[in-house]
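Below is one structure, written out as structure tokens, with a few remarks after it.
Each value in this text was obtained by applying a stated rule to the coordinates, not by laboratory testing. Source: prediction; values computed, not measured. Glycine gets a Cβ as well: all are built from the backbone with ideal geometry, and neighbour counts include every protein chain shown.
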Amino acid sequence: MSSTPANKPSAVHTGATQASILVDMPEHISLDKWADSGFEWQGEVVPTTFSRLAAQLTTEHEQPKLQIDAKLYRRNNVLHLAFKTTGEVWLNCQRCLQPVAIDITDDCDIALLDDESQVRIVNEEQDYLLLNEVISDQTPERLLLLKNLVEDEILLKIPMAAKHDDCEMAVEQVGDIPEEETENPFAALAALKGKL
């Protein structure tokens, strides 16, 4: 049903002793070429190769590679893009400003619909996108923006304000805090007690 394209490099884990090969993730998949026969890609990707994600990553910690397995396939006459992202990224904790690891391991399966009339043939829980929203319009060839879709899902997985689970906000105190003399709020009542 699916085949790995001969002109695209593939980094596949074939054994525990063999290391994965770092290869560039395809920017797009030609739907004219692969929509019917299927497409598979596996490899390790450095998180900083995703431009929008890179802007949120900390520079104070080395970013480990992410394992990505992607597959384009057709089921019930509907095109699907499935991918699994395994790994973590390092962001800055918004409380202590130190690096914090965020697990972004996730499975995603998206139905790619030609038009909204196909919505009725997919499961209610199925995520879907309209093809005209995720295809590059810069060429006459229909190119599915694979890298952008994977990056979108990673960005959805990371929190808006990353923080350690047990983090205390770092506060530096400069000088002594002056003690304020406050009047006892019940002192006025004590003064009234003798007058009544």
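In this model, which of LYS84/LYS147; LYS33/LYS157; LYS33/LYS65 are farther than 23 Å apart at the alpha-carbon? Check vs 23 Å cut-off fails for LYS33/LYS157; LYS33/LYS65. Sorted largest first, the principal axis extents computed over the alpha-carbon atoms of the stretch 29-193 equal 90, 41, 28 Å.
For GLN98, the residues whose amide H sits under 5 Å from its own are CYS93, ignoring neighbours fewer than 5 places away on the same chain, with H placed 1.01 Å from N. Phi-derived couplings, Karplus 6.51 cos²θ - 1.76 cosθ + 1.60 at θ = phi - 60°, listed residue by residue for the stretch 110-117: 10, 7, 10, 9, 5, 7, 5, 5 Hz, with x used for Gly and Pro.
The HN-Hα couplings worked out from phi for the stretch 35-44 by the Karplus form 6.51 cos²θ - 1.76 cosθ + 1.60 (θ = phi - 60°) are 4, 8, 8, x, 8, 9, 8, 9, x, 9 Hz, whole numbers, x standing for Gly and Pro.
Once the C-beta distance of THR182 and GLN98 is scaled by a Förster radius of 22 Å, the resulting FRET efficiency is 0.05 to the nearest 0.05.
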